[in-house]
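Comments concern the structure below.
We did not get these values from a lab; they are worked out from the coordinates using the rules stated. Owing to the predicted nature of the structure, the values given are computational and were not obtained by experimental measurement. Backbone-built Cβ (ideal geometry, glycine too); neighbour counts: all protein chains shown.
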Amino acid sequence: MLREPHLGLRNMLEHTKTLAILGAGLNEQKPAHRLFHDLNGRGWTLIPVHPNDKGNILSNNIVSTIEPTSVSVVVFFLSPQQTMAQLRSFEARLLNKPFPFIWLQPGAADDFVLEWLNLNDVPHVVDDCVVEFIRRHHLYSSVK
């Protein structure tokens with residue numbers, strides 16, 4: 001039997017409108033870029049976030065940064081070191097407000113990142129591909 005990595009994860013995704021995708025740039029070979037093609041038409045507003053790339057992915061404008069209070073789910077396609085830097089940046093900007101849900105794509109976390117997330121009670125998933133999870137559970141955003 002397939003078990004969900006987080007209770008209520010399917011429900012949370014179905015009731016989420018916006019997903020921020022950290023590491024999504026113009027390189028069509030990268031998984032973060034391909035996510036936009038894989039999830040196109042499933043109802044989510046997808047925000048590509050890349051510090052250097054300018055332009056868009058399927059009409060979604062690439063932004064250099066996001067405000068962590070503006071989204072409820074952030075998907076990390078970053079190295080563990082970049083992930084930790086982003087988490088600390090979020091922490092500084094949130095000022096004791098709740099973290100968005102953090103989805104760590106395979107390779108985005110190491111023991112240090114996971115320990116930090118657990119110590120700070122940040123809701124997260126690790127080592128499960130968001131696209132595969134959505135496809136596996138036939139999910140669509142129900143938010144209009």
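The percentage of C-alpha pairs in region 75-144 whose separation is greater than 18 Å is 41%. With a Förster radius of 22 Å applied to the beta-carbon distance between Leu95 and Glu28, the computed FRET efficiency rounds to 0.05. Around the Cα centre of region 1-132, unit charges on the Cβ atoms of Lys, Arg, Asp and Glu (plus for the first two, minus for the last two) sum to a dipole of about 420 debye. Site pair Ser70 and Thr45 shows an inter-label distance of 1.0 nm when each label is modelled 7 Å from Cα along Cα→Cβ. Applying 0.36 nm per residue to the separation of Arg10 and His37 and subtracting their alpha-carbon distance, the gain on full extension is 7.7 nm.
Take the Cα gyration tensor of region 17-136, multiply each eigenvalue by 5, square-root it, and list the three semi-axes largest first, rounded to whole angstrom. Let's see the in-between values first.
Values: eigenvalues 96, 48, 38 Å².
Value: 22, 16, 14 Å, ordered largest first.
Could you tell me which of Ser79, Leu95, Val49 has its Cα farthest along the dipole of region 17-136 towards the positive end, charges placed at Cβ (Lys, Arg +1; Asp, Glu -1), taken about the Cα centre? In region 17-136, that residue is Val49.
Ordered by packing density, taken as the mean number of other Cβ atoms within 10 Å over each peptide's residues, highest first, how do 52-65, 9-22 rank?
Order by mean packing, descending: 9-22, 52-65.
Between Tyr140 and Lys54, residue separation times 0.36 nm minus the direct Cα-Cα distance comes to 28.2 nm.
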